[in-house]
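Trainee: I have a structure I would like to understand better, so I am pasting it below and will then ask my questions one at a time.
Read-outs throughout are calculated quantities, based only on the coordinates presented, and are distinct from any laboratory measurement. Computed from a predicted model, the values in this text were never measured in an experiment. Neighbour counts run over all protein chains shown; Cβ positions are idealised from the backbone, glycine included.
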Amino acid sequence: MLGWAITFLVIALIAAALGFGGIAGASAGIAQILFVIFLILFVVALVMRAARGRPPL
């Protein structure tokens, strides 16, 4: 999922450089949402691993 967030971020940067404001904004928004979801899933995975009695990393 982090790969998708980075992909949409790159698309947004390229679109912004070429002057396509609407596409850049949409891609940046999608990248932001995917990144937040990735962070939430990462924290949940760390908590679940710690709850099983293993150290976080």
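Trainee: How would you order 39-52, 21-34 from highest to lowest mean count of nearby Cβ atoms within 10 Å?
Mentor: On the way: 39-52: 10.8, 21-34: 15.1.
With the highest mean Cβ count within 10 Å placed first, the list reads 21-34, 39-52.
Trainee: While we're on this one: Sequence gap at least 6, Cα distance under 8 Å: using those rules, report the relative contact order of the chain to the nearest whole percent. Could the numbers behind the result be given before it?
Mentor: Details: 43 pairs, mean separation 19.2, N = 57.
Averaging sequence separation for qualifying contacts and normalising by length gives 34 percent for the chain.
Trainee: Read through the labelled values (i) 1.02; (ii) 1.53; (iii) 1.20 and report the label of the one computed as Cα Rg over 2.2 N^0.38 Å from the structure.
Mentor: Of the listed options (i) 1.02; (ii) 1.53; (iii) 1.20, (ii) comes from this structure.
Trainee: As a check on your grasp of the helix formula, calculate [θ] at 222 nm for the chain: sum -39500 (n - 2.57) over DSSP H runs of n ≥ 4, divide by the residue count, round to the nearest 500. Numbers along the way, then the final one.
Mentor: On the way: 2 runs with 48 residues, N = 57.
Computed mean residue ellipticity for the chain: -29500 deg cm²/dmol.
Trainee: Here is a further query. Read phi for every residue in the range 3-20 and hand back ³J(HN,Hα) as whole Hz from Karplus 6.51 cos²θ - 1.76 cosθ + 1.60, θ = phi - 60°, with x for Gly and Pro.
Mentor: 3J(HN,Hα) across the range 3-20, in whole Hz: x, 5, 4, 5, 4, 5, 5, 5, 4, 5, 5, 5, 5, 5, 5, 8, x, 8.
Trainee: Just to confirm the number: angle between the C-alpha axis of helix 21-51 and the first principal axis of the chain, 0 to 90 degrees, nearest 10?
Mentor: Approximately 0 degrees, to the nearest 10.
Trainee: What is the distance, in nm, between label points placed 7 Å from the Cα along the Cα-to-Cβ direction at residue 32 and at residue 50?
Mentor: The two pseudo-label positions are separated by 2.8 nm.
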